[in-house]
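Encoded as structure tokens, the structure appears first; notes follow it.
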Amino acid sequence: QGDSLSMGDQEAEMMCAFLIDHAAGFRQEACVRLDHENAFMTGPTRVISARTYIHLRYLTAEVLEAKLTPYLALSEIYEVIRRKEAILDYFDGLVFFHGYENVVID
């Protein structure tokens, strides 16, 4: 397996990690969105790894509640669930309009 330095520019850009400010997601006034400029100034998020896409799809509310209850209030867990569903809706829309092969990467 090669690293991003041995890849072409486009491949390296696709592999670039992005971070989500989860703490901001708990603040009512914060705007954390995938469809606008990101912290790396590379534009909106338009691709997702196949592994992440499938894991999000099968990550249930029951699992999140069981794993997060010791650390978060139930209202906060519901916000995590809501954001997970919003992420799936966003990428499902991109797949619908642009095709799976243009949105979901290996």
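The values are calculated or read from the model by the stated rules, or taken from the named source; none is laboratory data. Source: prediction; values computed, not measured. Counting neighbours? That spans all protein chains shown, and the Cβs are built from the backbone with ideal geometry, glycine included. Side chains are part of the model used for accessible areas, which takes the heavy atoms of the whole protein and leaves out ligands, DNA and RNA. Shrake-Rupley method; radii C 1.70, N 1.55, O 1.52, S 1.80 Å.
Worth a mention:
- Screening the candidates Glu76, Glu62 for the property of being closer than 28 Å to Glu29 by Cα, open to solvent by 90 Å² or more (accessible area, probe 1.4 Å) and out of contact with any Cys (no Cβ under 6 Å at 6 or more places or on another chain) yields one hit, Glu62.
- Tally, over the stretch 43-66, of residues that are out of contact with any helix residue (DSSP H, G or I) (no Cβ under 8 Å at 6 or more places or on another chain) and within 16 Å of Tyr78 (Cβ to Cβ): 4
- Members of the stretch 38-79 that are within 29 Å of Asp106 (Cβ to Cβ) and touching a residue at least 24 places away in the same chain (Cβ under 8 Å): Phe40, Thr42, Thr45, Arg46, Val47, Ile48, Ser49, Ala50, Tyr53, Leu56, Arg57, Leu59
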